[in-house]
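Heads up: the structure comes next, in structure tokens.
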Amino acid sequence: MKFNRIEDLDLDGKVVLTRVDLNVPTDRGQVTDTTRIDKIVPTIRAIQDAGGKPVLLAHFGRPKGKNVPEMSLRQIVPALEEALGEKVTFAEEAVGGPAKRAVAAMHAGDVVLLENTRFYEGEEKNDPTFAASLAALADVYVNDAFSAAHRAHASTEGLSRLLPSAAGKLMETELDALNAALGEPVRPVVAVVGGAKVSTKLDLLANLIEKVDHLVIGGGMANTFLVAKGVAVGTSLAERDMAGTAKEILEKAARTSCAIHLPVDVVVAKEFREGAPSETVPVDACPEDAMILDAGPQTVEQINGVFATCKTLIWNGPLGAFEIKPFDAATNACAQEAARLTRDGLLTSVAGGGDTVAALNQAGVAGDFTFISTAGGAFLEWMEGKDLPGIAALADARQ
Ligand code: ADP
Ligand code: MG
């Protein structure tokens with residue numbers, strides 16, 4: 001997919017409306033995690049270096065079209081100034097007089113932050129009039145919020161239709177990495193899908209079966225597949241009413257060249273708690289009064305064996321109940337092997353998903369993966385093969 005990058009547009013002396021993700025966690029008005037803020041700094045620098053004047057726009061929380069003072073982006077200003085090492089001018093309104101005055105007063109190098117776009121009803125409705133009043137502030141639009149690209153809102157989609165548009169640095173990195181993993185990947189490709197429930201990942205499984213060579217199914221959702229195959233899983237988390245669907249997925253895979261990998265041995269315990277007494281048993285030997293909480297060492301060996309034969313890995317969902325020890329073992333062991341293969345230049349590894357990112361951080365390998373997406377919902381929709389409106393609009397703007 002083709003899209004403009006910052007270098008493709010002439011930004012010299014131009015006002016650049018820049019959609020960023022500032023939806024950071026806060027506690028009583030203080031930013032508690034600056035990861036998202038730190039990640040947009042290269043984009044702001046690139047715009048400034050090209051002579052452009054960045055005017056940031058973002059949403060914060062879910063004010064549903066009303067001005068909710070606790071959800072004002074003003075509270076983000078100190079953390080943003082700290083990350084940038086320079087002053088940021090805050091405009092009380094995202095459109096109209098206050099926004100126009102703040103932009104008109106800008107000199108080269110200045111940064112303006114507009115108020116929460118979701119204070120306006122037109123934002124989530126992608127109202128053309130609202131988009132036009134945002135567009136009236138600027139010459140160019142840069143979208144750096146991949147994490148919001150699955151929403152067709154005025155600030156994420158509408159603006160691309162009204163102004164010359166490009167992807168920001170963070171968006172560019174994300175799109176290049178995702179394209180390398182599923183767009184035009186180097187084969188063979190292995191996907192790992194784990195997590196709690198099959199029902200939340202049906203579209204994902206269906207899409208991956210058509211695109212990848214190996215599909216490793218782990219975590220609680222593997223239990224549902226085991227039930228579908230007539231394997232007793234004791235008191236495990238499993239969606240018994242989804243067994244029919246799981247069977248269809250297995251049948252679909254059998255008709256394609258996608259090999260499905262399910263656990264061959266499992267770690268079981270009678271209680272779901274830290275340090276609960278556990279044992280490793282063959283997959284068909286889960287006691288009636290016990291639950292499967294992790295994959296066993298033989299399964300780990302098989303998965304790592306698949307990794308070794310592949311050139312590209314895409315991963316969503318932990319292989320076990322990784323939050324409680326020792327049920328993080330399989331996730332850790334496979335993540336470490338993927339990290340080693342990546343470090344050795346043998347594997348391109350891309351991962352995403354809220355719990356997946358936490359699990360990979362916990363395994364200490366996040367820095368070794370080729371790319372880890374923190375985009376949550378947008379990452380999953382992309383992995384499901386859906387068109388993300390924000391990305392489609394950027395691609396159209398390139399034509
Ligand atoms: P992500 O947020 O990365 O998309 P999910 O939310 O789908 O991942 O799944 C993560 C959850 O799945 C974790 O809370 C984990 O404890 C749970 N899980 C994984 N394996 C099991 C299992 N065997 N039994 C119960 N819960 C499990
Ligand atoms: Mg989750």
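FYI, it's all coordinate maths here, none of it is from the lab. All figures in this text were calculated on a predicted structure; none of them were measured in a lab. Quick reminder, even Gly has a Cβ in these numbers, built from the backbone with ideal geometry, and neighbours come from all protein chains shown.
Restricting attention to segment 335-346, does a residue exist that is more than 16 Å from ligand 2 (Cβ to nearest atom), part of a helix (DSSP H, G or I) and either touching a residue at least 40 places away in the same chain (Cβ under 8 Å) or touching a Lys or Arg at 6+ places or on another chain (Cβ under 9 Å) (or both)?
Within segment 335-346, none of the residues are more than 16 Å from ligand 2 (Cβ to nearest atom), part of a helix (DSSP H, G or I) and either touching a residue at least 40 places away in the same chain (Cβ under 8 Å) or touching a Lys or Arg at 6+ places or on another chain (Cβ under 9 Å) (or both).
Could you please let me know if Thr224 is hydroxyl-bearing (Ser, Thr, Tyr) and surrounded by fewer than 16 Cβ atoms within 10 Å (Cβ to Cβ)?
No.
Restricting segment 361-373 to residues that are within 21 Å of Pro185 (Cβ to Cβ) and touching an Asp or Glu at 6+ places or on another chain (Cβ under 9 Å), which is farthest from ligand 2 (Cβ to nearest atom)?
Going through the qualifying residues, I end up with Phe371.
Name the residue, out of Gly275, Gly244, that is part of a helix (DSSP H, G or I) and not charged (D, E, K, R).
Unique residue meeting the criteria: Gly244.
Scan segment 1-34 residue by residue and report those that are of a type in the set (D, E, K, R), more than 22 Å from the chain's Cα centre (by Cα) and at negative phi.
If the condition is that a residue be of a type in the set (D, E, K, R), more than 22 Å from the chain's Cα centre (by Cα) and at negative phi, then Glu7, Asp8, Asp10, Asp12, Lys14, Asp27 are the ones that fit.
Here is a yes/no grid of residues against (1) part of a helix (DSSP H, G or I); (2) among the basic types (Lys, Arg); (3) without any contact (Cβ under 8 Å) to a residue 60 or more places away in the chain:
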position: Thr89; (1), (2), (3): no, no, yes
position: Pro98; (1), (2), (3): yes, no, yes
position: Met106; (1), (2), (3): no, no, no
position: Gly109; (1), (2), (3): no, no, no
position: Val112; (1), (2), (3): no, no, yes
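Each row is one residue, and each column tells you yes or no for (1) of a type in the set (Phe, Trp, Tyr); (2) over 30 Å from Arg187 (Cα atoms); (3) surrounded by fewer than 14 Cβ atoms within 10 Å (Cβ to Cβ).
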| site | (1), (2), (3) |
| --- | --- |
| Met242 | no, yes, no |
| Thr245 | no, no, no |
| Ser257 | no, no, yes |
| Val268 | no, yes, no |
| Asp289 | no, yes, yes |
| Asp294 | no, no, no |
| Val300 | no, no, no |
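For segment 121-235, which fully contained strands (runs of 3 or more DSSP E) count at least 3 residues that are touching a residue at least 12 places away in the same chain (Cβ under 8 Å) and under 18 Å from the mean Cα position of the chain (by Cα)?
Output list reads 189-193.
Quick one: would you say Thr312 is touching a residue at least 40 places away in the same chain (Cβ under 8 Å) and within 15 Å of ligand 2 (Cβ to nearest atom)?
Against the criterion (touching a residue at least 40 places away in the same chain (Cβ under 8 Å) and within 15 Å of ligand 2 (Cβ to nearest atom)), Thr312 does not qualify.
State the number of residues belonging to segment 141-162 that are crowded, with 24+ Cβ neighbours inside 10 Å, aliphatic (A, V, I, L, M) and over 17 Å from Trp382 (Cα atoms).
Result for segment 141-162: 3.
Is it the case that segment 309-327 has a residue that's more than 15 Å from ligand 1 (Cβ to nearest atom), hydroxyl-bearing (Ser, Thr, Tyr) and outside any helix (DSSP H, G or I)?
Scanning segment 309-327 turns up at least one residue that is more than 15 Å from ligand 1 (Cβ to nearest atom), hydroxyl-bearing (Ser, Thr, Tyr) and outside any helix (DSSP H, G or I).
Would it be correct to say that Val24 is part of a helix (DSSP H, G or I) and either touching a strand residue (DSSP E or B) at 6+ places or on another chain (Cβ under 9 Å) or buried (at least 20 other Cβ atoms within 10 Å of the Cβ) (or both)?
It is false that Val24 is part of a helix (DSSP H, G or I) and either touching a strand residue (DSSP E or B) at 6+ places or on another chain (Cβ under 9 Å) or buried (at least 20 other Cβ atoms within 10 Å of the Cβ) (or both).
From the list Ser199, Ser236, exactly one residue is within 14 Å of ligand 1 (Cβ to nearest atom) and within 24 Å of Glu301 (Cβ to Cβ). Which is it?
Ser236
Do you know which residues across segment 315-326 are within 24 Å of the chain's Cα centre (by Cα) and more than 16 Å from ligand 2 (Cβ to nearest atom)?
Answer for segment 315-326, where residues must be within 24 Å of the chain's Cα centre (by Cα) and more than 16 Å from ligand 2 (Cβ to nearest atom): there is none.
When Leu380 is evaluated against the numbered criteria (1) outside any strand (DSSP E or B); (2) within 16 Å of ligand 2 (Cβ to nearest atom); (3) more than 19 Å from Leu202 (Cβ to Cβ), which criterion, by number, is the only one it fails?
(3)
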